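Contents: one structure, followed by commentary.
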Amino acid sequence: GPAGNADGESYNIVFLAASSQNGYSQAVYEGIETRAAELSAELGITITTKIQDGQFDANTQLSQMQNAGTTGQADGIIVVPNDGPGLAAAFPLGNDVPVATVLNPIGPDIEKMEQQTDGVISTVASPPSIGATGQAEQAVEYCKDIDPCKLGLLAGLLNSPLDVARVDAWHQVLDKHKNITIVGTVEGAYDRDKSLTAVSNLLQGNKDINGILSNADQQTMGAQIALEDAGIDPSTVFLTGGGGTKEAVEAVRAGTWSNGYLNYPVTMGGKALEQIVNQLRGEPVEAVVDADSLGDFGPFITQKDLLEHPDYTGEWNG
Amino acid sequence: MSEAINTTVTQIRSRKRFAVKELAIEYAVLFLLGAVLIALAILSPSFFTFGNIVNILNQNAPLVIIAAAGTFVIISGNFDLSSGAVYGVAGVIAAWIAVATENVWLALLAAPVAGVVLGAFNGIVITKLRVHSFLATLASSMIFTTIAVLITGGSLITVTTPGFSTLGRERVGGVFIAVFIMIVVAAIFWLLLSRTIFGRHVYAVGGNDEAAELSGININRTRVIVFVLSGLAAGTAAAIGVSRISSGQPLAGAGLELSAIAAVILGGTSIYGGVGAVWRSIAGVFLIALIGNGFDLLNLNPQLKDMVTGVIILAAVGIAAAGRGRR
Amino acid sequence: MSEAINTTVTQIRSRKRFAVKELAIEYAVLFLLGAVLIALAILSPSFFTFGNIVNILNQNAPLVIIAAAGTFVIISGNFDLSSGAVYGVAGVIAAWIAVATENVWLALLAAPVAGVVLGAFNGIVITKLRVHSFLATLASSMIFTTIAVLITGGSLITVTTPGFSTLGRERVGGVFIAVFIMIVVAAIFWLLLSRTIFGRHVYAVGGNDEAAELSGININRTRVIVFVLSGLAAGTAAAIGVSRISSGQPLAGAGLELSAIAAVILGGTSIYGGVGAVWRSIAGVFLIALIGNGFDLLNLNPQLKDMVTGVIILAAVGIAAAGRGRR
Amino acid sequence: MAEPVIGATLIELRNVSKRFGGTQALDNVSLEVRAGEIHAFVGENGAGKSTLGKVIAGIYAADQGEVLVDDVSVERWNPALAQRHGVAMIAQELALVPDLTVAQNVFLGAEEQRFGFERRNLSERLLALDAEVGFGLDPRAKVRELRIADQQKVEILRSLARDARVIVMDEPTSSLAAKEMAQLEALMRTLRDRGCCVVYVSHFLDSVLSVADRITVMRDGRRVSTVATSEVTKHELVTAMLGRELDGAYPERPPAPDRTAAPLLRVGNARTSTGVEGMSFEVRPGEIVGLLGLVGSGRTECLRAVFGVDELSGGEVVYRGVDWARKRPRDSIAAGLIFVSEDRHRDGLVLERSVRENIALASLGKRAAAGVISTRAEKSVALGFASALQMRPLDIELPVGWFSGGNQQKALLSKALAADPKVIILDEPTRGVDVGAKRTIYELIVRLAQEGIGVVLISSEHEEIMELAHRAYLVSEGRTFGEIVPEETTVEKVLFQLFNVTPNEEPAA
Ligand SMILES: Nc1ncnc2c1ncn2[C@@H]1O[C@H](COP(=O)(O)OP(=O)(O)OP(=O)(O)O)[C@@H](O)[C@H]1O
Ligand SMILES: Nc1ncnc2c1ncn2[C@@H]1O[C@H](COP(=O)(O)OP(=O)(O)OP(=O)(O)O)[C@@H](O)[C@H]1O
Ligand SMILES: [Mg+2]
Ligand SMILES: [Mg+2]
C-alpha cells in the first residue's frame, strides 16, 4: 500500500517499459534509477524502482497498468506507452496511483500533451508532428538553393498512427515549397536492414536524390548504408534521423549526416520520476514537460551545434 | 493358487501405475497450471486477491474467446493466422461506425458481423482454391490488415461516443462485463464441440477427411463454418477490445493469432487435428497469462520472462511426454 | 479403323491438355514469378538494370539461405519458428565477439556456430521430449531471444571493427559477396536434398515416419540434422546481416521465420511434409521480394503492399488449384 | 552375418509381455524362430500376432522379457538395429512413403552411395529384385498412385531388399488375389530354402497349412501352442484359435428373392475417369449380388462412383427409382445407400477417435435432437454392434486406432450397419478378419438380406461370393461381361471365364 510514513518516507515506483528489449526504454529506466538515487540522497527518503516489460504489446501493457494500479505494489507509475490511446482504458486505476507518461501521451489524442486522462499527472513528451515539422524545416533550409530538390521519405510503419502523423507533418511543410519534389515514400519499420532494402530500391530510379527524411536513427543508419552501396557519399545529401542515439550524434558530428533530431530519454526518465515524487510529496508538479526542451541545445541539430558541444555524446544506444 | 493371487496383485499395481501415467499425459496442462497457481499464491500476497483475479480474467477475455474458437480450427486440421488481422479490422469498423453513427450498439455489433464475413471469406478461399489454411490465412491477414489501414488511413479512430466503453470497462458485481461474455462464449463453444453433431464433424474432418466424406459429412461446409466461428470469435473479442480502449487501430490484434495457437497447442490439442478440447485451450491461455502476472507481481527481471515462459511450455509438453515410454 | 484413329487423336489431345494442367500445378510459382518480372520490366525502366537485380539478390540473400534450409524442415514434416530468434542471437554473439576481440573472422564464424548449437538444441528437445516442433520452436525462440537480450542488455551492440562489414557490403565484380554465398549455400542445400541419401531420408521422414523407421532410418537423427541445418542457415544469414548493418540486436530477425515458411509453402512445398524442393522456396522468396521491390520502384502507396502480396499469394495457389478438378 | 545353419535359432523371445493401456497384448510369451523355416502365427483378431511380430522386428519394445539374437540378449532392440541383424517386417497396415517411387520405397534406408551422393541405380536394382518374384512393378511409379494390392507388393519387395534372415510378414496377402498369393507362397518357400526364416501371420488357414513348417497359435496375448504343421488339421487349428468349435465356415444362403421385384439399385453402362469402362448390374430387395473380378478390374472404382465419392463420366445410376448419377456420399447415406470402403485406414475410420464415435459417425442425425447428440443413444448403438461383432476388447471408449486390424474392420462394418442401410455395398468386408468373426459377418450379411436389404458384395476371396451371393457379375478391365448364378457353377469355371476374357470381347450390356 502507500508506503509514505513520517520519519523516512519510502516510495515504490514501477516503470512500465514499452519493451525491456529496447534501448529507448532502457535509457528511460536508467534516468529513473539515477534520479531516484539522487533524490533519495537529497531528500533523505527511500525510492525503489522496478521495471516491467510491455513486450511491445498494447494488451500486455494494459494488463500491467491495471495490475500495478490494483495490487498496491506501486506508489507511482512511469510508463512508455506502446499504445497511448489504448492505455487510457486502464483508468481509473484501482488505487489512484499517480502516473507519469514518457514519449507519448495517454488518451485519445496522440498530439495533445495536456492532461487527457484523470490520473495521469505528468506527460514528458512532445507531439510527433512537432518533431516531424522541425525535420522538414531543416530539409527546406537545406534545399533552398537546390531546384529541383528531390527528397525521399523513410517512414516508420504506415499502419501506425504516430508515423502517419509524422508523414502528414512532413508533407504539410514540404508541399509548400515548389523546388522540393518527393520522389518516394517507403517504410523502414524502425529496422536498419529493412530501411537498407527500402532505400536501395528507392535509389534505383532516383540516383540523383538530394536527401532522405527519416523519423528514426536506426532507419537513417540503413539509409546511409544504402547510399554508400549506391555509390553516393552520404555527406553530399540531406540526411536526418530521429532519436539522438550515440551513433547518430557521431554521424552528425562527422558530417556524414547533415542533421539530427535529438531525444533525451535519460533526462526524460529523470523528469518523470521527479514529477511522481513531487506529487507523492504534495509538491507542485509540471503537468507537461516538453521533451524537446530538455537539452542544453537542440533538439534539431547540425554539425555546427555539435562542434560547439564537443563533449555531447547522445543519451542512448538503439 | 498363490500364483493366481500374485498375478492379481501385479495387475492391480500395474493398472495403478498406468492410471497415474495416463493422467499425467492427459492433464499435463492442468497440473502445471495448478503448480503455477500454488507457487504464486505462496510467493505473492497480492496474487489471490479479488482484484487481481478479476483483472487476470478480464485481461484475457479476448484471447480466451479467440483460442476457444481456434480449438475448432486446429482440431479440424487447419490454422487461422488471420485472427489478429480480423480483430484489427473488426475493431476499426466498430470505431468507425461509432464515430459515424453515434450508435453504440450498432457499432459494437458490427465487429462480430465483420468477423463472420472475413471468416467466411477465409473458409471459401480455403475450400474453393483448396489452399492449405496456413498459407491462405497468412495471405488473407495481409489483405485484412490493409482494409483496416485503408479505413483509418493508417492512423487511429478515437471514439468518444458515450457508452461505447461500457462493454469493455464496466463491471457488474465487481466483475467486468467482458468476463461474463467470456464465460458464456466459452461455454457455448465447449458445448458445440463436445455435444453436437457439428462438433463431431469437426473432429472427423480433422482426424481423417476422406473417412469423414465417406461418412456423409459435408467436409467443405464444416471447414467454412469452422472459419466463420473463428472470425466470429475474433470479431467478438475485438468488440470488447475496441470498447475497452475506445479507439480502433489496424494493428490492435497483431500477434493475437500466434498467442491463440500457442495456447491451443499448449493445452494439448493436437496440431495434426482430430484431438483436443476447448477447456484445454483456456487452460493454455491462463498458464501463459499467470507467468506474466507472476513476473509483474514478484518484481522479477522482465527480461527473463520470455525464457521462463518458454521453459514452462517445454515443461508442460515434457510432462506429457514423460508419461509415454518408448512405444 | 477410323474409330481407332479417332480414339488415338482424342487420347493425344487429352494427354496434351493434361500436360498443360500438370505444368500449371507443378510450376505455378514460376509462372507467377515470370508474370511479375515481365510486368515490372514493362512498368519500370529501372527494374531490369544490373544494379537493381544485384540489389534484389543481395537484399534477399539471408532469407534465401534460411528458406532453403527451411525447405528441409517443412519436408521433414516440421516447423521451425525459431529461425528469427536464432538469427538474432547469432548476430548479437558475432557483434559481441567482434567488439571484445577485434577479430573479425572469429566473430563472423561464431554466428553459424551459434546457429548450429541452437539448432541442435531444437532438434534434441523435439526428439527427446517428443513435442511437436511448432510448439517446441515457439518456446525455444522465446528462450533464444532472452539469451540475446541478456548479452546486449536489451540494447544493441555497435561494431566499428574495421573489416567487419566486408562480408555484408563488399562486392566482387560488382556483385555483393553475400550473393555468392547465397548461391553456394543454395546449391549445396539443393544437392543435399535432391541427390544424397540424407535428402531421401528427409522426404521419407516427412512422408511417413513410421515407414521410414521400419526401413531402418534413424528418424530422430534425421530430424536433429534437419534442425541443425536450419540453425546453421539462420546463423549464416545472421553473419551476413550483422556484417551488413554493423550492429547486433536481439530482435533483428523478428518475423524472418514466418517469411521463410511463407516462401517455402508459396513455392509449392507441402506443409504436410514429404513433398517439395529447394528451388521452389527460392522462387517463393523472390516472388514476394519482387512485389516489395516493385512498390518501391514504382512509388506506389506502401499501405497497399500487403494487400497486393496477399492477393498474389492466393493467385499462386489458385493457379495450382485450378488445374485440379473435383476429386 | 554368418551363413545361417538350418534349424539354428535366429531369434528367441523369453517371457515377453507387452501392455497397451488397459489391454495385455502379450502375456509372458516365449518363442523361437529358426533358420530355414516358415513359422506361422495364427489366432483370433486381437490375439497379439501383430504385436508379437513387431516385438521381433524391434518396432515395439517389450515391457518385460528378453529378446535374444543368435543366443545373445540384446538391449534397446529397435528397427534400425533389427535391420542390421537381418530382421525385416511387412506391417499389417501398409507403411509406405506415398510420394516416393516404388524403387525409392523399396530401397529406403538401403541406398547405395558414392561420396555421400546417392547412386542412381535404383531402377535397375528394383528390376533385378522384381525379376525374382515376377510382380512386374513400375520402379518409377509413385506409391501414392498404386492400388492397395500393388502397395502390398512394394512392402514385400522392401523386405526382400534388405537381404533379411528373418522376415515377418503380417497378413501380406490380405489384399492379394489367388494368383499373387501363389506367387508369394512360392517366394516364401524360396526364402526358406535359402536358410531364412519367414514369420507368416495370416487368417488364410489353408495357405498357412500348405506353406508353414511350424504354427504358433495365439490367444488373448498368450502362446497357446507351437506345433509342426504335419501334426494338425484345420479343424484342430480353428478350435485352438477360438477356444471353441466352429460349425462350418459359411451359413446357409438365404432363399432367393422375388426375381420380378423392382431393383433397388440399377447401374447401366457406368463409366468413370478412374478406369470404369462400362459396368451394368442391378440389386433387388433381399438380394446378395456379387461382383467377381480380378484385382484391378475396377469394381471398387465403379461402386465409389455409384456411392458418389467419385464422379460418374457416363452411364446411369438409378436408386429406388431416382436418378442417382450426380449425388454425393451424404445424399446416399441419407437415403440408405451405404458403402463400406476396402481401405479402413485411408477412408474408413478416424483412428484417433473412439469406437463409439466412429460407429455413430455416419448416423449422428438419428441419435440427436436439435443437433445435440444423445450420448446414451450413441453408446447403446455402438455397444450393440460392437458386441454383436465380437469386438475385442469390448471397450467402445478406446480410440479405434488402438485396436487390432480385424477389430478395426468390425468397427468399420458397425458404422455402416448403424446407418440403417437399404442397400449396402461391401468392398472386401472381411479383410483381415479371423475365421470366427468371418462367420459372424457372413451371418450378418444373410440376415440383412432376409430383412429385405440389397447387398452388393465385392471380394477377392471368390469363395465368399460363391457361397453367399444369389447372383454375381463377372468384371474385367472395367466392364461387366457376364452374369452367373453361383449355386449353379464352381469357382474353377468362374476363374476360367475371368482369365480368358479378352478386351476385344463384347461386354454384356
Ligand atoms: N498401438 C496400440 N495401442 C493400443 N492397443 C494396441 C496397440 N496395438 C495393439 N493393441 C492391442 O493389443 C491387442 C493385440 O493386438 P494385435 O494387433 O497384436 O492383434 P492381432 O493378433 O494382430 O489381431 P488381428 O488379427 O486383428 O490383426 C489388441 O487387443 C489391441 O487392441
Ligand atoms: N486414379 C486412377 N486413374 C486411372 N486409372 C485408375 C485410377 N485408379 C485406379 N485405376 C485403374 O482402375 C482399375 C481398377 O482399380 P482397383 O484395383 O481398385 O479395382 P478393383 O476391381 O476394385 O480391385 P480390387 O478391389 O480387387 O482391388 C485398375 O486397372 C487401376 O489401374
Ligand atoms: Mg494384426
Ligand atoms: Mg477394390
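The values are calculated or read from the model by the stated rules, or taken from the named source; none is laboratory data. Bear in mind that the values here come from a model prediction, so they are computed numbers and not experimental data. Virtual Cβ from ideal backbone geometry, glycine too; neighbours counted across all protein chains shown. Just so you know, the surface numbers come from the protein's heavy atoms only, side chains and all, with ligands and any DNA or RNA stripped out. Shrake-Rupley method; radii C 1.70, N 1.55, O 1.52, S 1.80 Å.
What the table below lists for this structure:
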| quantity | calculated |
| --- | --- |
| Evaluation of A:GLN64 against (1) open to solvent by less than 10 Å² (accessible area, probe 1.4 Å); (2) away from every other protein chain (no Cβ under 11 Å); (3) part of a helix (DSSP H, G or I); (4) touching a strand residue (DSSP E or B) at 6+ places or on another chain (Cβ under 6 Å) (one fails), failing number | (2) |
| Residue satisfying condition, being more than 16 Å from ligand 3 (Cβ to nearest atom), within 14 Å of another protein chain (Cβ to nearest Cβ) and at pLDDT below 95, within set D:ALA88, D:ALA95, D:ALA57 | D:ALA88 |
| Condition broken by C:GLU213, with the remaining ones in (1) within 14 Å of chain D (Cβ to nearest Cβ); (2) surrounded by fewer than 24 Cβ atoms within 10 Å (Cβ to Cβ); (3) at negative phi; (4) in contact with a strand residue (DSSP E or B) (Cβ under 9 Å, 6 or more places away or on another chain) satisfied | (4) |
| Breaking point among (1) away from chain B (no Cβ under 14 Å); (2) within 27 Å of the chain's Cα centre (by Cα); (3) more than 16 Å from ligand 1 (Cβ to nearest atom); (4) open to solvent by less than 30 Å² (accessible area, probe 1.4 Å), for D:VAL317 | (2) |
| Scan of the stretch D:433-480 for residues that are open to solvent by 10 Å² or more (accessible area, probe 1.4 Å), within 16 Å of ligand 4 (Cβ to nearest atom) and not hydroxyl-bearing (Ser, Thr, Tyr), ordered by number | D:GLU461, D:HIS462, D:GLU477, D:ARG479 |
| Residue in the stretch B:86-107 that is nearest to C:SER259 (Cα to Cα), counting only those that are open to solvent by 10 Å² or more (accessible area, probe 1.4 Å) and of a type outside the set (Val, Ile, Thr) | B:TYR87 |
| Residues being surrounded by 19 or more Cβ atoms within 10 Å (Cβ to Cβ) and touching a strand residue (DSSP E or B) at 6+ places or on another chain (Cβ under 6 Å) - total across the stretch D:13-26 | 5 |
| Condition met for B:VAL275 (of a type in the set (A, V, I, L, M), in a loop (DSSP other than H, G, I, E, B) and either within 9 Å of another protein chain (Cβ to nearest Cβ) or touching a residue at least 40 places away in the same chain (Cβ under 8 Å) (or both)) | yes |
| Some residue of the stretch A:156-165 being in contact (Cβ under 8 Å) with a residue 24 or more places away in the chain, more than 19 Å from the chain's Cα centre (by Cα) and more than 10 Å from chain C (Cβ to nearest Cβ) | no |
| Enumeration of residues in the stretch D:453-465 that are at pLDDT below 95 and more than 13 Å from ligand 2 (Cβ to nearest atom) | D:GLU463 |
| Residues (within 14 Å of chain B (Cβ to nearest Cβ) and open to solvent by 10 Å² or more (accessible area, probe 1.4 Å)) located in the stretch A:38-61 | A:THR48, A:THR49, A:LYS50, A:ILE51, A:GLN52, A:GLN55, A:PHE56, A:ASP57, A:ALA58, A:ASN59, A:THR60 |
| In the stretch D:403-452, the residues that are within 14 Å of chain B (Cβ to nearest Cβ), away from ligand 2 (no atom under 16 Å from the Cβ), under 17 Å from D:ARG353 (Cβ atoms) and not hydroxyl-bearing (Ser, Thr, Tyr) | D:GLN408, D:ALA411, D:LEU413, D:LYS415, D:ALA416, D:ALA418, D:ALA419 |
| For D:ARG266: the one exception among (1) part of a strand (DSSP E or B); (2) crowded, with 20+ Cβ neighbours inside 10 Å | (2) |
| Out of D:LEU209, D:LEU187, D:LEU205, sole residue that is within 16 Å of ligand 1 (Cβ to nearest atom) and more than 17 Å from D:GLY53 (Cα to Cα) | D:LEU205 |
| Candidates D:VAL217, D:VAL227, D:VAL238 - the one that is touching a residue at least 60 places away in the same chain (Cβ under 8 Å), outside any helix (DSSP H, G or I) and over 28 Å from D:VAL306 (Cβ atoms) | D:VAL217 |
| Helices (runs of 4 or more DSSP H) wholly inside the stretch D:14-108 that include at least 3 residues being within 23 Å of D:ILE148 (Cβ to Cβ) and more than 16 Å from ligand 4 (Cβ to nearest atom) | D:49-56, D:102-106 |
| Enumeration of residues in the stretch D:175-185 that are surrounded by 23 or more Cβ atoms within 10 Å (Cβ to Cβ) and either within 23 Å of D:GLY348 (Cα to Cα) or more than 19 Å from the chain's Cα centre (by Cα) (or both) | none |
| Identity of the residue in the stretch D:50-70, on the phi > 0 side of the Ramachandran plot and over 29 Å from the mean Cα position of the chain (by Cα), that ends up most open to solvent (accessible area, probe 1.4 Å) | D:ASP70 |
| Check on D:ALA368, closer than 21 Å to B:SER215 by Cβ, open to solvent by 10 Å² or more (accessible area, probe 1.4 Å) and more than 9 Å from chain B (Cβ to nearest Cβ) | no |
| Among residues of the stretch C:278-309, those that are more than 10 Å from chain A (Cβ to nearest Cβ) and in contact with a Phe, Trp or Tyr (Cβ under 7 Å, 6 or more places away or on another chain), counted | 2 |
| The stretch D:103-134, residues that are away from chain C (no Cβ under 13 Å) and crowded, with 20+ Cβ neighbours inside 10 Å | D:LEU126, D:ASP130 |
| Lone unmet requirement of (1) part of a loop (DSSP other than H, G, I, E, B); (2) at the interface with chain B (Cβ under 9 Å from one of its Cβ atoms); (3) in contact with an Asp or Glu (Cβ under 9 Å, 6 or more places away or on another chain) for A:ASN82 | (2) |
| Search result, residues across the stretch D:186-213 that are open to solvent by less than 40 Å² (accessible area, probe 1.4 Å) and within 17 Å of the chain's Cα centre (by Cα) | D:TYR200, D:VAL201, D:SER202, D:HIS203, D:LEU205, D:SER207, D:VAL208 |
| Residue in the stretch D:335-344 that is more than 8 Å from chain B (Cβ to nearest Cβ), assigned to a loop (DSSP other than H, G, I, E, B) and either within 20 Å of the chain's Cα centre (by Cα) or under 29 Å from B:GLY276 (Cβ atoms) (or both) present | yes |
| All strands (runs of 3 or more DSSP E) inside the stretch A:194-282 with 1 or more residues being among the aromatic types (Phe, Trp, Tyr) | A:238-240, A:259-261 |
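Quick grid of which residues meet (1) β-branched (Val, Ile, Thr); (2) under 30 Å from A:LEU227 (Cα atoms); (3) surrounded by fewer than 24 Cβ atoms within 10 Å (Cβ to Cβ):
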residue: C:VAL275; (1), (2), (3): yes, no, yes
residue: C:GLY284; (1), (2), (3): no, yes, no
residue: C:GLY292; (1), (2), (3): no, yes, yes
residue: C:GLY318; (1), (2), (3): no, no, yes
